[in-house]
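Please find one structure pasted underneath; my questions will follow.
The values are calculated or read from the model by the stated rules, or taken from the named source; none is laboratory data. What you see is a predicted model; the values in this text were computed from it and never measured. All Cβ positions, even for glycine, are placed from backbone atoms using ideal geometry, and neighbour counts span all protein chains on display.
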Amino acid sequence: MTTFNKFKLATVILLVGTVGCTKLNETYKTTVPGDQAAQALGASGTALLLSAAYNDIPTPFVNQDRVFSLEENSTDESLVPTRGGDWDDNGVWRVVHNHTWNADHDQILQVYNLLNKMNFDATNVLGFNPSKEQTAEARFLRAFACYYIFDLYNQFPVRNPGDNLLNAPKVYFADSAVNWLISEFTAALPDLSATNTMTQANPDACRIMLMRCYLNKGAWLHRAAPTFADADMQQVITLGAAVMGNSKYKYMSNYFGNFNFNNGQSTEGIFAYPSASGVATNNPGVQARWMMTFHYNEYDGQAPNAGWNGFSTIGDFYSTFSTTGQPAITFSRADTVLDTRLGARTTSDSVCFVNSGIRPGFLVGQQYDQSGVALKDRKKNPLAFVPTIAPTMIEQGSNLEVTGIRVAKYVPDFSDPSGKWYSSNAGNWLMLIRYPEAPLMVAEAKLRLTAPDAAGALTLVNDLRTARGAAPVASLPLVNAANVDDPNTLLAERGREFYWESLRRTDLIRFGVFNVLWQYKPSDDPKYLIYPVPNQALAVNPNLKQNPGY
């Protein structure tokens, strides 16, 4: 019998050295018993297996067409207009934003495979005599992958050490899935070292994931009409207090310092995947986060390569940065006075830039080079981004290159004066969990209690707003069910803080407005609250079940 504890040793070594493979149905012809394989690998071999699981993180989470697309392009925060012949790709981007995808969508398949590879590789560590700390880290990584699989597909497979590899893995659904996630994170928590850095599984990262689980529990189980039990909200508050009690976390004085080439020094970082300027990596690279949105001509001495001119945000989402009592949105750099998270300052920020015209944040209006000279598009028209996008998301007019507000959440790596790391081998770390999640989730839990603590929630929100240069608000309801982009809600505050960090879809579902219509999404169906299980996955695992409507 071929079990999880019998491995072809060459396969084990291959899993360590090749992190991009997503095929999960290998045929094992020759096996070595697990204890012999573990002995052959030794302690360093187990560490290599754990490293392989960590190295599974960037491919699904960095690239623009993976988790980011499913979690952001499906929302009011992001869309990818077709511009002439660019960014059409047979409509794969448009169907994600307007909720018309099906079970054969390639992004849905690739994300499922990549997250399950991480699930598999983390489980693999558990079969090779890991230490207590290694076990905790592997369980955290496995649960981290399964959290996203469940959030997206409403089910996930798990194969434990000792399971027969010839049998399809067990699949968790509904209550059993939520309980498994909570139990795994809870079991890992006490054995995660408090000395682990943000690039390793650590106690506060585990607490944040538990907070996410308790906060989303009723939304996962009742996606069309989320519920919130007081006991779950109290868990969020208690876990959040532990994170907020850690004195090492402080709001950054420069918001975009969380996303620049030196963001490994961020005092908000809790869990991140590291990079180093000029060091090649076996993953797509975080530079995709700015290349995907910048215009073809949006380059200068420090940005020597053209962008891809794709990803944008919608005007209604941009307008959420103007809250009650503040000046109206002008769709210009002047809007930065409303909230530093808008970015796009007219003067260079020495923390992020050396000599470039490119600014972080929302890019709207005329763009400039490092000398202040106005840029032009490829047709010699002013390179001035406008908020209006064609209703069909198919641009064909003379201004097709400049439609849509661009978003530079990650600041290009300008650490080299010649811009070597602008389009490859950037040093920005990928931020997966940041400290502001803790106070904002606690604030939400306080508002969702049967006896809400509105004052306590408002204090937490206004502390954050003050740190971001935004005026305090007098009140903050959870959501406006009729207007997803009402600026005066907690949902809007989460959008202002976490835009383009792959949290928006989950937020919209939990706040009950994912099926509300917004710009460029003329209709919707409740089935799109969950992605379909890819047809290829159904074909190889009979324990999986296709989600309703697909």
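If you check LEU141 against the conditions, is it in contact with a Cys (Cβ under 8 Å, 6 or more places away or on another chain), buried (at least 21 other Cβ atoms within 10 Å of the Cβ) and either assigned by the TED database to the domain that holds PHE61 or under 25 Å from SER247 (Cα atoms) (or both)? Can you show your working first?
On the way: in contact with a Cys (Cβ under 8 Å, 6 or more places away or on another chain): no; buried (at least 21 other Cβ atoms within 10 Å of the Cβ): yes; either assigned by the TED database to the domain that holds PHE61 or under 25 Å from SER247 (Cα atoms) (or both): yes.
In short, no.
Within region 522-545, track down each residue that is surrounded by 15 or more Cβ atoms within 10 Å (Cβ to Cβ) and part of a loop (DSSP other than H, G, I, E, B).
Within region 522-545, ASP524, ILE530, TYR531, PRO532, VAL533, PRO534, ASN541, LEU544 qualify.
Assigned by the TED database to the domain that holds SER131, under 23 Å from the mean Cα position of the chain (by Cα) and in contact (Cβ under 8 Å) with a residue 40 or more places away in the chain, is that true of ASN160?
Answer is no for this residue.
Output the residues belonging to region 220-239 that are in contact with a Ser or Thr (Cβ under 8 Å, 6 or more places away or on another chain) and under 18 Å from TYR147 (Cα atoms). Steps first, answer last, please.
Taking region 220-239 as the starting set, the residues that turn out to be in contact with a Ser or Thr (Cβ under 8 Å, 6 or more places away or on another chain) are 221, 230.
Selection gives LEU221 alone.
In region 55-74, which residue that is in a loop (DSSP other than H, G, I, E, B) and acidic (Asp, Glu) is farthest from ASN124 (Cα to Cα)? If you could, list the steps in order and put the result at the bottom.
The initial filter retains those residues of region 55-74 that are in a loop (DSSP other than H, G, I, E, B), namely 55-57, 63-66, 74.
Within this subset, residues satisfying the condition of being acidic (Asp, Glu) are 56, 65.
On the way: ASP56: 13, ASP65: 27 Å.
Applying the filter and picking the extreme gives ASP65.
Could you grab me the full set of residues in region 249-265 that are part of a helix (DSSP H, G or I) and either in contact with a Pro (Cβ under 7 Å, 6 or more places away or on another chain) or among the small types (Gly, Ala, Ser) (or both)? Working first, answer last.
Applying the first criterion (part of a helix (DSSP H, G or I)) to region 249-265 yields 255-258, 263-265.
Within region 249-265, PHE256, GLY257, GLY264 qualify.
Then there is this: For region 417-469, what are the residues that are buried (at least 20 other Cβ atoms within 10 Å of the Cβ), of a type in the set (Asp, Glu) and farther than 25 Å from GLY264 by Cα?
GLU444
Go through region 412-470 and give me each residue that's touching a Pro at 6+ places or on another chain (Cβ under 9 Å) and aromatic (Phe, Trp, Tyr).
TRP421, TYR422, TRP429
What's the total number of residues in region 527-550 that are under 16 Å from GLU71 (Cα atoms) and not hydroxyl-bearing (Ser, Thr, Tyr)?
First, the residues of region 527-550 that are under 16 Å from GLU71 (Cα atoms): 527-533.
Checking the rest, the ones that are also not hydroxyl-bearing (Ser, Thr, Tyr) come to 527, 529-530, 532-533.
Here the count works out to 5.
Filter region 514-539 down to the residues that are of a type in the set (Gly, Ala, Ser) and touching a Leu at 6+ places or on another chain (Cβ under 8 Å) and list them by number.
Kept after step one, since they are of a type in the set (Gly, Ala, Ser), are these residues of region 514-539: 523, 537, 539.
Answer for region 514-539, where residues must be of a type in the set (Gly, Ala, Ser) and touching a Leu at 6+ places or on another chain (Cβ under 8 Å): SER523, ALA537.
Can you name every residue in region 417-462 that is modelled with pLDDT of 95 or more and either closer than 19 Å to LEU342 by Cβ or among the aromatic types (Phe, Trp, Tyr) (or both)?
Listed by number, the residues that qualify are TRP429, MET431, ARG434, TYR435, PRO436, LEU440, VAL461, ASN462.
Among the residues of region 191-214, what is the count of those that are over 17 Å from the mean Cα position of the chain (by Cα) and assigned to a helix (DSSP H, G or I)?
So the answer is 5.
For region 366-416, give me the residue count where each residue is within 25 Å of TRP500 (Cα to Cα), β-branched (Val, Ile, Thr) and part of a loop (DSSP other than H, G, I, E, B).
5
For region 170-178, indicate whether the set of residues that are within 23 Å of TYR435 (Cβ to Cβ), in contact with a strand residue (DSSP E or B) (Cβ under 9 Å, 6 or more places away or on another chain) and crowded, with 20+ Cβ neighbours inside 10 Å is non-empty.
So in region 170-178, the residues within 23 Å of TYR435 (Cβ to Cβ) come out as none.
Scanning region 170-178 turns up no residue that is within 23 Å of TYR435 (Cβ to Cβ), in contact with a strand residue (DSSP E or B) (Cβ under 9 Å, 6 or more places away or on another chain) and crowded, with 20+ Cβ neighbours inside 10 Å.
Additional query: Only residues that are more than 26 Å from TRP87 (Cα to Cα) and buried (at least 22 other Cβ atoms within 10 Å of the Cβ): list them for region 270-296, please.
ILE270, PHE271, ALA272, SER275
Just to confirm my filter: which helices (runs of 4 or more DSSP H) fall fully inside region 432-521 and include at least 1 residues that are more than 21 Å from ARG212 (Cα to Cα)? Show your work before the answer.
Details: elements: 437-448, 454-467, 490-498, 504-510.
Of the helices (runs of 4 or more DSSP H) lying wholly inside region 432-521, those with at least 1 residues that are more than 21 Å from ARG212 (Cα to Cα) span 454-467.
Would you say PHE150 is under 20 Å from ASN535 (Cβ atoms), part of a helix (DSSP H, G or I) and within 17 Å of the chain's Cα centre (by Cα)? Steps first, answer last, please.
Details: under 20 Å from ASN535 (Cβ atoms): yes; part of a helix (DSSP H, G or I): yes; within 17 Å of the chain's Cα centre (by Cα): yes.
Spelling it out, PHE150 is indeed under 20 Å from ASN535 (Cβ atoms), part of a helix (DSSP H, G or I) and within 17 Å of the chain's Cα centre (by Cα).
Within region 75-92, is there a residue that is crowded, with 18+ Cβ neighbours inside 10 Å and in a helix (DSSP H, G or I)? Working first, answer last.
Filtering region 75-92 for residues crowded, with 18+ Cβ neighbours inside 10 Å gives 75-83, 87, 92.
Okay, now just the ones that are also in a helix (DSSP H, G or I), so 92.
Yes, region 75-92 contains at least one residue that is crowded, with 18+ Cβ neighbours inside 10 Å and in a helix (DSSP H, G or I).
Does MET233 satisfy being in a loop (DSSP other than H, G, I, E, B), crowded, with 20+ Cβ neighbours inside 10 Å and modelled with pLDDT of 95 or more? So that I can check it myself, show each step before the final result.
Details: in a loop (DSSP other than H, G, I, E, B): no; crowded, with 20+ Cβ neighbours inside 10 Å: yes; modelled with pLDDT of 95 or more: yes.
Criteria not met by MET233.
Given the criteria touching a residue at least 40 places away in the same chain (Cβ under 8 Å) and closer than 26 Å to ALA454 by Cβ, does ALA224 qualify? Steps first, answer last, please.
Values: touching a residue at least 40 places away in the same chain (Cβ under 8 Å): yes; closer than 26 Å to ALA454 by Cβ: no.
It is false that ALA224 is touching a residue at least 40 places away in the same chain (Cβ under 8 Å) and closer than 26 Å to ALA454 by Cβ.
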